[in-house]
Amino acid sequence: MTNSDPPLLNHYGALFSSHSPQLDDPKNRLLIEECQLPLIDLSGLSNHDETVRRACVAAICGASSEWGFFQVLNHGISPQLVEKMRSEQVKLFKIPFERKASCGLLNNSYRWGSPRATCPKQFSWSEAFHVPLTKVSDEACYGEFISLRAVMIEFAAAMSKLAGLLGSILTANLGHGKEVIKNLCDEGTCFLRLNHYPACPISPEILGLVCHTDSDFLTILCQDQVGGLQLMKDSKWVTVKPNRDALIVNIGDLFQAWSNGVYKSVEHKVVTNAKMERYSIAYFLCPSYDSSIGSFKEPSIYRKFTFREYRDQVQEDVRKTGYKVGLPRFLVSGRGDLLTGSME
């Protein structure tokens with residue numbers, strides 16, 4: 001650990017004194033099957049051939065239903081922009097921990113570890129800046145990191161455009177107009193999260209990010225080549241193989257509810273690496289707090305709820321138990337068996 005890393009080991013030791021940290025031997029880590037997520041070339045959406053365009057749309061919707069995760073190529077975010085964003089992100093996380101924790105950078109959004117963790121499964125070995133889109137252009141949020149602002153503005157705009165495109169395709173597939181998702185979503189609730197996962201040499205049971213689903217419509221992830229993302233597929237964990245040219249997209253809880261279970265919000269987590277640190281940036285597409293989330297058809301698996309109600313319930317569950325319960329809280333009694341259904 002360096003002076004730029006948060007005191008994760010101290011926090012772990014204080015919370016779990018009954019667990020004696022031991023140096024981790026990578027050979028003792030469980031071997032998890034590596035998977036290749038569906039890989040979709042978005043250039044197909046602008047192809048002059050209607051058959052190609054339809055096939056691209058079908059691939060996006062099919063992967064959202066079968067996997068809940070997919071990768072996209074030719075997504076409109078240049079390798080140069082990704083590299084600039086990564087360089088600025090690394091510089092930001094390399095400043096001393098005390099400064100990150102106290103100087104109010106990026107809307108005072110710095111977080112580390114898991115303050116409410118009560119057991120190892122709830123502990124995240126990571127740090128992050130959680131930045132609302134409305135604050136990305138705010139000069140007051142950046143302090144001395146002047147060059148970060150210009151790159152963040154460009155990166156956030158590109159991710160927003162991509163999220164809007166994918167969201168409109170997925171809503172149109174459910175019979176809604178393409179503008180519906182644009183009208184629902186709000187810069188005040190959408191955000192970028194800059195993640196850093198320091199190397200963790202003490203135990204393979206410690207996760208970089210605990211098992212969860214995302215409380216949004218969809219998430220777009222830009223990650224480095226270290227790897228560590230795992231998702232639940234066919235009732236078992238699989239490791240996602242990094243692809244330098246692709247971004248990862250995953251469906252969130254709100255799309256699962258809105259689609260009546262057609263699109264799948266899948267559990268995922270980040271495992272730690274004993275020797276290497278990992279960086280990623282996630283974009284979260286969220287509606288305004290008062291937006292009503294209801295199924296596009298009946299019988300509905302979930303009762304209607306607002307994003308504010310859902311967010312408040314998730315936060316209450318985490319505060320009380322350390323765990324997110326999520327969509328099961330909003331199931332209509334006796335209709336959970338409909339989750340195995342698919343769109344006709």
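Annotations for the structure displayed:
- Out of T171, T189, T118, sole residue that is out of contact with any Asp or Glu (no Cβ under 7 Å at 6 or more places or on another chain), polar (S, T, N, Q), under 28 Å from T306 (Cβ atoms) and assigned to a loop (DSSP other than H, G, I, E, B): T189
- Filtering segment 309-344 to residues that are of a type in the set (A, V, I, L, M, F, W, C) and either open to solvent by less than 40 Å² (accessible area, probe 1.4 Å) or modelled with pLDDT of 60 or more (or both) leaves V314, V318, V325, L327, F330, L331, V332.
For (1) closer than 18 Å to G294 by Cα; (2) of a type in the set (S, T, Y); (3) more than 19 Å from the chain's Cα centre (by Cα), each residue gets a yes or a no:
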{"site": "A156", "(1), (2), (3)": "no, no, no"}
{"site": "L170", "(1), (2), (3)": "yes, no, no"}
{"site": "G175", "(1), (2), (3)": "yes, no, yes"}
{"site": "E179", "(1), (2), (3)": "yes, no, yes"}
{"site": "C185", "(1), (2), (3)": "yes, no, no"}
{"site": "T189", "(1), (2), (3)": "no, yes, no"}
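- Checking each residue in segment 187-240 for being touching a residue at least 24 places away in the same chain (Cβ under 8 Å) and among the small types (G, A, S) picks out G188, A199, S203, G208, S215, G227, G228.
- Subset of segment 274-284 [open to solvent by 10 Å² or more (accessible area, probe 1.4 Å) and either among the hydrophobic types (A, V, I, L, M, F, W, C) or over 19 Å from the mean Cα position of the chain (by Cα) (or both)]: A274, K275, M276, F284
- Residues of segment 214-234 satisfying the condition of being under 30 Å from N10 (Cβ atoms), open to solvent by less than 30 Å² (accessible area, probe 1.4 Å) and among the polar types (S, T, N, Q): Q223, Q230
- Going through (1) of a type in the set (S, T, Y); (2) over 26 Å from I77 (Cα atoms); (3) open to solvent by 20 Å² or more (accessible area, probe 1.4 Å) one by one, S137 falls short only on (2).
- Residue within segment 152-169 that is on the phi > 0 side of the Ramachandran plot and without any contact (Cβ under 8 Å) to a residue 40 or more places away in the chain present: no
The values are calculated or read from the model by the stated rules, or taken from the named source; none is laboratory data. Small disclaimer: the values here were computed from a predicted structure and weren't measured. In this analysis, Cβ positions are derived from the backbone assuming ideal geometry, glycine residues included, and neighbour counts consider all displayed protein chains. Surface accessibility is based on the protein's heavy atoms, side chains included, excluding ligands, DNA and RNA. Shrake-Rupley method; radii C 1.70, N 1.55, O 1.52, S 1.80 Å.
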